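What follows is a short report on a single structure.
The values are calculated or read from the model by the stated rules, or taken from the named source; none is laboratory data. This structure is a prediction, so every number in the text was calculated from the model and none was measured. Cβ sites come from the backbone with ideal geometry, for glycine too, and all protein chains shown count toward neighbours.
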Amino acid sequence: MNRNIVVAKFGGTSLASSSQIKKACAIITADSARKYVVASAPGKRTSTDIKITDMLYKAHAQSVNGEDFSGTLNQIAERYAKIAGELGADFDIDAEIREISDRLKAGTTADYPASRGEYINSKIIAAYLGWQFVDAAEGIFFTESGTLDEAKTFDTLGGILKGLDRAVVPGFYGSLPDGRIKTFSRGGSDVTGSIVARAVGADLYENWTDVSGMLSADPRVVKNPRVIEHITYTELRELSYMGASVLHEDAVFPVRQAGIPINIRNTNSPEDSGTMISASVPEGVKRGAVTGIAGRKGFCSVRVEKSMMNGETGFGAKLLQIFAQKGIPFEHCPTGIDTISVVVNGSAFDSRRDEILREIKSVLAPDFITIEKNLSAIAVVGQGMVSVKGVAAKIFTALAGAGINIRMIDQGSDEMNIIVGVDDSDYENAVNALYNAMVNNA
Ligand code: ASP
């Protein structure tokens, strides 16, 4: 792969202390293609530590409640002073903290103080590296309604950065048309990294975090699941939707449009090659039919039965419309000849249950309505499944072998996932059985 321009984004745990920042900077300077760095705010150093961003939100909440926030700001100042001092970076933290304090007193929204976590950290890192600092507020723009102004952002940010040899850009925020700061949702530095990669036309977007890539199953359920070496954007989307998390959801779109691959890497283990995410898997990369397994508990299936339903035009549309009107998105919709099931989030359904059932009865006059609760959906995802025979047979054999009753089957129309519904109490066993049969011994 051509690696002339690499954008390297480092997450909060990768930059939580001076020793972590030194590791990150050693990674940055080890490859001259890493020209643009996107930094998060200092995250947790230990499991009981508090993220700087959380402290900034706390200071804002205290100011809104009329409480004294100076103690919180002092804690933040101390943490940064320690980092800058240990790095020997010349940086005036007091001036920055004074500015935050003044703006809090003047009644700012939470976005401004929240953004200072990445702003200050990036300034310190830029000083330590001797690189240029570029404020994200000058190059990342939101529209009045709060969505990213893509054209203006890619143009302006690209223009600024391409004129610089190397730069550090804070993650997580940009500016509104009136110049006020606006942040992305939590974890949004991933999005900034993607935007920067797109704006400079990078060959690769490296996302440095504290795990060696995306795992092929949830490590809380499966012991030591394998790292996925290569995954497509579409597979990532399917697995993330079903609960696997490695990147902010909105981070895929900017780079995907431009065909820039993402590489998830581990700052604490830089020799690991991590997970590569791209539009398609390059020739020569060997993968099994199944890339990963993810699932979620707590679904509910509403099964509606009516004889001769098959011949009644618009039955399904009317049924889904009822859920839509109550603001409940449907997740799956398996159908039979005279039955149709709508699988929805269980607690969302419970909150509107009576109204929905009343409406179904009055609009559709069904023979029966059956509600099945505590349903887990498990997705077995892999683009390779289309061309391999016997994948479904293997899935069902694995579940039967583990003594698990399948309560729903849904194959995505793109043939890259098979979703099985099992009882919530079978969830862990089912995921393990599927992992062992489809990923570990594939
Ligand atoms: N610091 C922000 C957060 O904690 C953004 C990020 O780390 O990506 O959510």
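Some points to look at:
- Set side by side, the residues I360, I395, I328, I369 differ, and just one is among the hydrophobic types (A, V, I, L, M, F, W, C) and within 27 Å of A289 (Cβ to Cβ), which is I395.
- Residue among G288, G274, G284 that is among the small types (G, A, S) and touching a Lys or Arg at 6+ places or on another chain (Cβ under 6 Å): G274
- The listed residue being farther than 17 Å from D424 by Cα, surrounded by fewer than 13 Cβ atoms within 10 Å (Cβ to Cβ) and within 32 Å of the chain's Cα centre (by Cα), out of A398, A393: A393
- All of R180, R265, R198 fail the test of being modelled with pLDDT of 95 or more, among the charged types (D, E, K, R) and out of contact with any strand residue (DSSP E or B) (no Cβ under 9 Å at 6 or more places or on another chain), apart from R180.
- For segment 27-79, filtering for residues that are over 30 Å from I160 (Cβ atoms) and touching a strand residue (DSSP E or B) at 6+ places or on another chain (Cβ under 6 Å) leaves 0.
- Selection from segment 351-370 of residues that are surrounded by fewer than 14 Cβ atoms within 10 Å (Cβ to Cβ) and either in contact with a Gly (Cβ under 7 Å, 6 or more places away or on another chain) or not small (G, A, S) (or both): D354, E355, R358, K361, V363, D367, F368, T370
- Selection from segment 390-414 of residues that are modelled with pLDDT of 95 or more and of a type in the set (D, E, K, R): none
- Residue count for segment 29-56 satisfying the condition of being within 15 Å of the ligand (Cβ to nearest atom), over 21 Å from the mean Cα position of the chain (by Cα) and not in a loop (DSSP other than H, G, I, E, B): 2.
- Residues that are of a type in the set (V, I, T), buried (at least 16 other Cβ atoms within 10 Å of the Cβ) and touching a residue at least 60 places away in the same chain (Cβ under 8 Å) number at least 3 in the following strands (runs of 3 or more DSSP E) confined to segment 288-346: 292-305.
- Pick from segment 74-114, criterion surrounded by fewer than 17 Cβ atoms within 10 Å (Cβ to Cβ), among the charged types (D, E, K, R) and touching a residue at least 60 places away in the same chain (Cβ under 8 Å), ranking: farthest from I52 (Cα to Cα): E86
- Sole residue being within 24 Å of L15 (Cβ to Cβ), more than 16 Å from the ligand (Cβ to nearest atom), in contact with a Phe, Trp or Tyr (Cβ under 8 Å, 6 or more places away or on another chain) and of a type outside the set (S, T, Y), chosen from V200, V227, V252: V200
- Identification of strands (runs of 3 or more DSSP E) wholly contained in segment 359-432 with 3 or more residues that are closer than 23 Å to V342 by Cβ and in contact with a Ser or Thr (Cβ under 6 Å, 6 or more places away or on another chain) yields 368-381.
- Residues in segment 175-189 that are more than 9 Å from the ligand (Cβ to nearest atom) and within 22 Å of T209 (Cα to Cα): 0 in all.
- Residue in segment 131-146 that is among the polar types (S, T, N, Q) and buried (at least 17 other Cβ atoms within 10 Å of the Cβ) present: no
- Any chance D155 is more than 16 Å from the ligand (Cβ to nearest atom) and either in contact with a strand residue (DSSP E or B) (Cβ under 9 Å, 6 or more places away or on another chain) or over 19 Å from A251 (Cβ atoms) (or both): yes
- Residues in segment 13-28 that are within 16 Å of the ligand (Cβ to nearest atom) and touching a residue at least 60 places away in the same chain (Cβ under 8 Å): T13, S14, L15, S17, Q20, I21, A24.
- Of the residues screened, N121 is one that is crowded, with 17+ Cβ neighbours inside 10 Å, of a type in the set (S, T, N, Q) and part of a helix (DSSP H, G or I).
- Test set (1) in contact with a strand residue (DSSP E or B) (Cβ under 8 Å, 6 or more places away or on another chain); (2) surrounded by 13 or more Cβ atoms within 10 Å (Cβ to Cβ) - A437 fails condition number: (1)
- Close contacts from segment 421-442, counting a first residue that is at pLDDT 95 or above and a second that is in a helix (DSSP H, G or I) and buried (at least 22 other Cβ atoms within 10 Å of the Cβ), with Cβ to Cβ under 6 Å and a gap of 6+ residues or different chains, come to V422/A430.
- Candidates in segment 203-224 are the residues that are within 16 Å of the ligand (Cβ to nearest atom) and hydroxyl-bearing (S, T, Y); of these, the one that is modelled with the highest pLDDT is Y205.
- Output for segment 69-108, where each listed residue is touching a helix residue (DSSP H, G or I) at 6+ places or on another chain (Cβ under 7 Å) and not in a helix (DSSP H, G or I): F69, A89, D90, F91
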